[in-house]
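This report refers to the structure that appears directly beneath it.
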Amino acid sequence: MKSAVVVFPASNCDRDAAVALEQLTGEKPHMAWHADAELPDVDLIVLPGGFAYGDYLRCGAMAAQSRIMRDVKKKADEGVTVLGICNGFQVLTETGLLPGALMRNAQLKFVCKPVGLEVEETQSVFTRKYDKGQRLSFPVAHGDGNYFADEETLDRLEGEGRVVFRYAPGENPNGSARNIAGILSEKRNVLGLMPHPERVCDPMLGGTDGVALFQSLIETLS
Amino acid sequence: MTEITPQIVREHGLSVEEYGRIKQLLNRDPNLVELGVFSVMWSEHCSYKSTRAHLRRLPTKAPWVLQGPGENAGVIDIGDGDVAVFKMESHNHPSFIEPYQGAATGVGGIMRDVFTMGARPVAMMNALRFGAPDHPKTRHLVSGVVSGIGGYGNCMGVPTVGGEVNFHRSYNGNILVNAMCVGLARADKIFKSAAEGAGNPVVYIGSKTGRDGIHGATMASAEFNEDSEEKRPTVQVGDPFTEKLLLEACLELMATDAIIAIQDMGAAGLTSSSAEMGSKGGSGIELDLDRVPQREENMTAYDMMLSESQERMLAVLKPGREGEAERIFKKWELDFAVIGRTTDSGRLIVKHKGQVVADMPVHALSEEAPVYNRPFERRTPAGGTPAYDRARSVLDSLARLMASPDIASRRWVWEQYDNTVMADTVQRPGGDAAVVRVHNTDKALAITTDVTPRYCKADPFEGAKQAVAEAWRNLSAVGATPLAVTDNLNFGNPEKPEIMGEIASAVDGIAEACRVLDFPVVSGNCSLYNETNREAILPTPAIGAVGLLKNVHRMATIAFKREGDAILLIGETKGHLGQSIYLREIEGKEEGAAPPVDLATEKKNGDFIRSLIEAGRADTVHDLSDGGLLVALAEMVLPARIGAAIARLAGSDAIAVLYGEDQARYLVAVREPDADRVLASAKAAGVGATLLGRTGGDKIAIEGAGEIAIAALARAHEGWFPRYMGGTELPLSN
């Protein structure tokens, strides 16, 4: 599986994503700079966590306008798999590749802790190696992860099996609507999620629950 | 030209004698720009004029120390060509005036100190001290400082992995925000600040210069009064986005060999960075201020030389390498300008609009700064054993202590810090020391910050010894070999003999402990004049320390891991209640002698603990500190909710034995079949060890004192901070 990680100014989980990808695929991902016109031909594009352009404006709003995102959008439309983690999820909603918005956390504070998740949907290239209903622990680390969309959109996401991860009962760290932690695009090739799977791919770091996400991708895309 | 009147000299915080000395060094009267430059370079903050004579007593050398005090940060060898670079620094005064920006820029400043040496920051810690919880400003300050630290550190993508938060009324008007940064580099790629050689380009990189922070260093060198909030304009505003770009751009430039010297613009910005680089390199520097990237119009030479705008660096490049450097900084969309060159004149010459606006000998600014042997009085240490009510219920007190402001869980604080970014945090906040893996290896750094100010108030010498010993113990408790120390000495007004006496005794205490424990001081910072309306803070010599785990798979944490493990107490328990948390919280007394520290015993016991962990015989260890044995036991029970049953301990009185704060002690849990062997090896090593009981169940049970459910302890421990910050709890005063 060939992959690329997009680096925006002040992305800060780009290395973490690259390390996880290299460990699990055996291949170094291409690191793409925000000012590049085009990404190389890859099977997977990762938009990593961080504070792209400082996120002094709405999170992800500046990054959504960057040069590289035109190509990401084009490739996503062509069916290339895109994974947006944390800030990457925010960039995806700002770009319109995913519906809804990520608002300030309900308690108005940044929150970093492991949270319980449930795998709701295994019919996706991202989750086929998980079991439906499987309980996972991924860390979150964000100030703006409160997923919001209108009722109609939420109903549609649920109806089409596009809610992939939900915060387990009592674990919602940010007030997200219907405990949504991660969603798919209509064509199911784009996933955005607030928790960090790349930070749980090593037993020394508190778990390996994130490994199956990358293995699902490897199995499908290799 | 402005005439320099005695009033202007006073406003610059210079004494009549100091002004006379400046005239003598210049052979004439200074102009206003020169006066401004001298005032910041000779401020307490930049010159260490009150403490320099004492700091010389600190041990700073060891075979693994590659750079001791005097550079931007200390450097230690951690094997395989890797080095750890670290320093702790205060941002106390700005954080009291404007908590969010004060704390944020404190984080930014210490990170620059580390990456200017060529290291990538990999961990942050913060030692925070606030006023009494019921003081009207405390909540606001806690909230602002914590979100400021998070706001800056989280954006930088450097994990904030721990630290300290304490409350005491002596900090009501003068909080302490001490930030520590640890970075990693290769031994052959360390960058220093000596601008050697003439004719080399001096380049300015980073953010533009504005009028913010003018006189910050001078403010940090004076006491506070009611009008302190009027000093808000002297607090700088942080921009972590620019700092992140500056970090990446500097590391990219450092991968080339274009740099001769580099220094961040911290306190006193352009002035101190140029003067220090020239002085260390034995060269002169000529600056043309017209080329300085400016954020505002009509800035004067005085403004530019004294601005403390953040996220800026000054570097001296090899001639002809400017283009290469400029390309890197343009890629990261940062300002880059050649603003001067080094000379062989030994003078700092500043030009503005074609005129020479300052011309001063470089050595006069740094080397000739006054050094004061201020008079000091050493206090007789507090003594005696305070009386207490022996009939109180041991376990009721435990519930109260676990919910007390200094012991309650700090989860509310550290969940606002990204502590897992960089994917190398092996031990998160909440243990004895944080552990951060050296990327791509099986080695790890252990990091801690410690000091118990109430001990230092009672006895500055023993208290400072204890701070070092506790840091050393915390590193040992996770299995690390303690390597070196950074100190952040926070005290009141050094012009008062009793405060100067605290400083002298504390330096002696640190020096003795560091010598015996082979634990040199490699960097540090002094913050004096921490007084408001003549009330000084508790003496607070904060110790930041770093240790090395050669094999991160042989590591201990505080959480009980299995039911049925044997619980062993390592060290001797006499029941020292003087200055204990128990006395303060339960009896309302801050009395008695600070616990004495026997450094030889510390060393013996710590070495024994480390040997158990390295041999794979113990994976559960906790050092005993605030709250003594029973609080430590509760802290081991809570994370995995595995209870414990312990026997009655020998000793005069249960309260003293269970809550006394005797030093050099640890609790260890080992697999039951190993217990005898561990006890035997302790005996062979001459280390006191007692079999205390077993892990298991859903409560803490103490023979003869009853039991308490884990759920009740957890409620007490986790509840206080969120309730307090949510405004639903009016806490006890302390």
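Quick look at the values:
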item: Residue pairs meeting the criteria (Cβ under 8 Å; at least 6 apart or on separate chains; first within 14 Å of another protein chain (Cβ to nearest Cβ), in region B:153-174; second part of a helix (DSSP H, G or I) and among the aliphatic types (A, V, I, L, M)); result: B:Gly153/B:Val107; B:Met156/B:Val107; B:Met156/B:Met111; B:Met156/B:Leu247; B:Val158/B:Met111; B:Thr160/B:Ile149
item: Residue under evaluation B:Val165, criteria (1) buried (at least 23 other Cβ atoms within 10 Å of the Cβ); (2) of a type in the set (A, V, I, L, M, F, W, C); (3) not in a helix (DSSP H, G or I), criterion not met; result: (1)
item: Matching residues, region B:102-120, being surrounded by 24 or more Cβ atoms within 10 Å (Cβ to Cβ) and of a type outside the set (Gly, Ala, Ser); result: B:Thr105, B:Val107, B:Ile110, B:Met111, B:Arg112, B:Asp113, B:Val114, B:Phe115, B:Thr116, B:Met117
item: Count - residues of region B:392-414 that are surrounded by 20 or more Cβ atoms within 10 Å (Cβ to Cβ) and within 14 Å of chain A (Cβ to nearest Cβ); result: 4
item: Enumeration of residues in region B:359-391 that are within 30 Å of B:Ile646 (Cα to Cα) and surrounded by 15 or more Cβ atoms within 10 Å (Cβ to Cβ); result: B:Pro386, B:Tyr388
item: Single match in B:Gly693, B:Gly660, B:Gly727, B:Gly719 (criterion: surrounded by fewer than 17 Cβ atoms within 10 Å (Cβ to Cβ) and either farther than 28 Å from B:Pro405 by Cβ or modelled with pLDDT of 95 or more (or both)); result: B:Gly719
item: Region A:145-171 residues that are free of Cβ contacts under 8 Å to residues at least 60 places away in the same chain, paired with ones that are assigned to a helix (DSSP H, G or I) (beta carbon under 7 Å, 6 or more apart); result: A:Tyr147/A:Ala177; A:Phe148/A:Ala177; A:Ala149/A:Ala177; A:Leu154/A:Ala177; A:Leu154/A:Arg178; A:Val163/A:Leu157; A:Arg166/A:Asn179; A:Tyr167/A:Asn179
item: Any hit, region A:16-23, residues being in contact with a strand residue (DSSP E or B) (Cβ under 9 Å, 6 or more places away or on another chain), without any contact (Cβ under 8 Å) to a residue 40 or more places away in the chain and within 13 Å of A:Val91 (Cβ to Cβ); result: no
item: Test: B:Ala261 is crowded, with 24+ Cβ neighbours inside 10 Å, in a strand (DSSP E or B) and aliphatic (A, V, I, L, M); result: yes
item: So A:Arg178, is it closer than 13 Å to A:Val115 by Cβ and touching a helix residue (DSSP H, G or I) at 6+ places or on another chain (Cβ under 8 Å); result: no
item: In region A:24-62, the residues that are aliphatic (A, V, I, L, M), out of contact with any strand residue (DSSP E or B) (no Cβ under 8 Å at 6 or more places or on another chain) and part of a helix (DSSP H, G or I); result: A:Leu24, A:Ala61, A:Met62
item: Single match in B:Met124, B:Met111 (criterion: touching a Cys at 6+ places or on another chain (Cβ under 6 Å), within 14 Å of chain A (Cβ to nearest Cβ) and in a helix (DSSP H, G or I)); result: B:Met111
item: Residue ID - nearest to B:Ala268 (Cα to Cα), chosen from residues in region B:9-23 that are of a type in the set (A, V, I, L, M, F, W, C) and surrounded by 16 or more Cβ atoms within 10 Å (Cβ to Cβ); result: B:Leu14
item: Residues that are in a helix (DSSP H, G or I) and without any contact (Cβ under 8 Å) to a residue 60 or more places away in the chain, drawn from region B:26-56; result: B:Leu35
item: Residue under evaluation B:Leu141, criteria (1) of a type in the set (A, V, I, L, M, F, W, C); (2) more than 14 Å from every other protein chain (Cβ to nearest Cβ); (3) within 23 Å of B:Lys244 (Cβ to Cβ); (4) in a helix (DSSP H, G or I), criterion not met; result: (3)
item: Candidate set from region A:25-44 (those that are within 13 Å of chain B (Cβ to nearest Cβ) and either surrounded by 21 or more Cβ atoms within 10 Å (Cβ to Cβ) or hydrophobic (A, V, I, L, M, F, W, C) (or both)); member that is farthest from B:Asn419 (Cα to Cα); result: A:Ala35
item: Residues of region A:134-147 satisfying the condition of being away from chain B (no Cβ under 14 Å) and in contact with a helix residue (DSSP H, G or I) (Cβ under 6 Å, 6 or more places away or on another chain); result: A:Tyr147
item: Among (1) over 30 Å from B:Asn440 (Cα atoms); (2) buried (at least 19 other Cβ atoms within 10 Å of the Cβ); (3) not charged (D, E, K, R) - the single one B:Leu26 does not satisfy; result: (2)
item: Of residues in region B:233-253 being more than 12 Å from chain A (Cβ to nearest Cβ) and crowded, with 23+ Cβ neighbours inside 10 Å, the one farthest from B:Arg211 (Cα to Cα); result: B:Leu253
item: Some residue of region A:148-161 being more than 14 Å from chain B (Cβ to nearest Cβ) and under 15 Å from the mean Cα position of the chain (by Cα); result: no
item: Criterion (crowded, with 20+ Cβ neighbours inside 10 Å, touching a residue at least 12 places away in the same chain (Cβ under 8 Å) and within 14 Å of chain A (Cβ to nearest Cβ)) met by exactly one of B:Leu306, B:Leu334, B:Leu348, B:Leu317; result: B:Leu334
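Let's see how each residue does on (1) buried (at least 23 other Cβ atoms within 10 Å of the Cβ); (2) assigned to a loop (DSSP other than H, G, I, E, B); (3) within 14 Å of another protein chain (Cβ to nearest Cβ); (4) without any contact (Cβ under 8 Å) to a residue 60 or more places away in the chain:
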{"residue": "A:Arg70", "(1), (2), (3), (4)": "no, no, no, yes"}
{"residue": "A:Lys75", "(1), (2), (3), (4)": "no, no, no, yes"}
{"residue": "A:Lys113", "(1), (2), (3), (4)": "no, no, yes, no"}
{"residue": "A:Arg128", "(1), (2), (3), (4)": "no, yes, no, no"}
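Each row is one residue, and each column tells you yes or no for (1) within 14 Å of chain A (Cβ to nearest Cβ); (2) under 23 Å from A:Ala18 (Cα atoms).
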position: B:Tyr417; (1), (2): yes, yes
position: B:Thr420; (1), (2): yes, yes
position: B:Gly431; (1), (2): yes, no
position: B:Asp450; (1), (2): no, no
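The values are calculated or read from the model by the stated rules, or taken from the named source; none is laboratory data. All values derive from a computational prediction rather than experimental measurement. Backbone-built Cβ (ideal geometry, glycine too); neighbour counts: all protein chains shown.
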